[in-house]
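Contents: one structure, followed by commentary.
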Amino acid sequence: MSDFRKRLEKASAPYLARVHALPRWVLPVFMTIILLIGLLANPNESPGLWIGFFALLFIGLFLTWLLALSWPLLTRSSKVLRVLVAVLIFYTAFSRF
């Protein structure tokens, strides 16, 4: 295991414990709300531009973090699909806003 991987896992452990302690429905509902805010924000107005951009950026970073943590356990097809979803979120954030 690489040094970066060890540091990532050690730094992520307390945050993963907090997320795991939440009720099971909280994370999907929260992420869906943030995703809808990001997708429905009006990019033609200044507040909507920044709110939408940062909402989608948050979703993309969160998914990338989870992807990095689960990478060794995933099959090739799961890796491709998860990378594709993260890239799509980042593309939407940077192209739309």
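Structure notes:
- Of all the residues in the range 39-74, those that are within 26 Å of A11 (Cβ to Cβ) and either out of contact with any helix residue (DSSP H, G or I) (no Cβ under 7 Å at 6 or more places or on another chain) or not β-branched (V, I, T) (or both) number 20.
- Residues in the range 1-28 that are among the acidic types (D, E) and within 13 Å of L66 (Cα to Cα): E9 only.
- Test for G48: is it in a helix (DSSP H, G or I), at pLDDT below 95, within 17 Å of the chain's Cα centre (by Cα) and surrounded by 10 or more Cβ atoms within 10 Å (Cβ to Cβ): no
- Test: residue in the range 52-61 that is hydrophobic (A, V, I, L, M, F, W, C) and outside any helix (DSSP H, G or I): no
The values are calculated or read from the model by the stated rules, or taken from the named source; none is laboratory data. Just so it is clear, the structure is predicted and the values come from calculations on it, not from any experiment. Methodologically, a virtual Cβ is constructed for each residue, glycine included, from the backbone with ideal geometry; neighbour enumeration extends over all protein chains shown.
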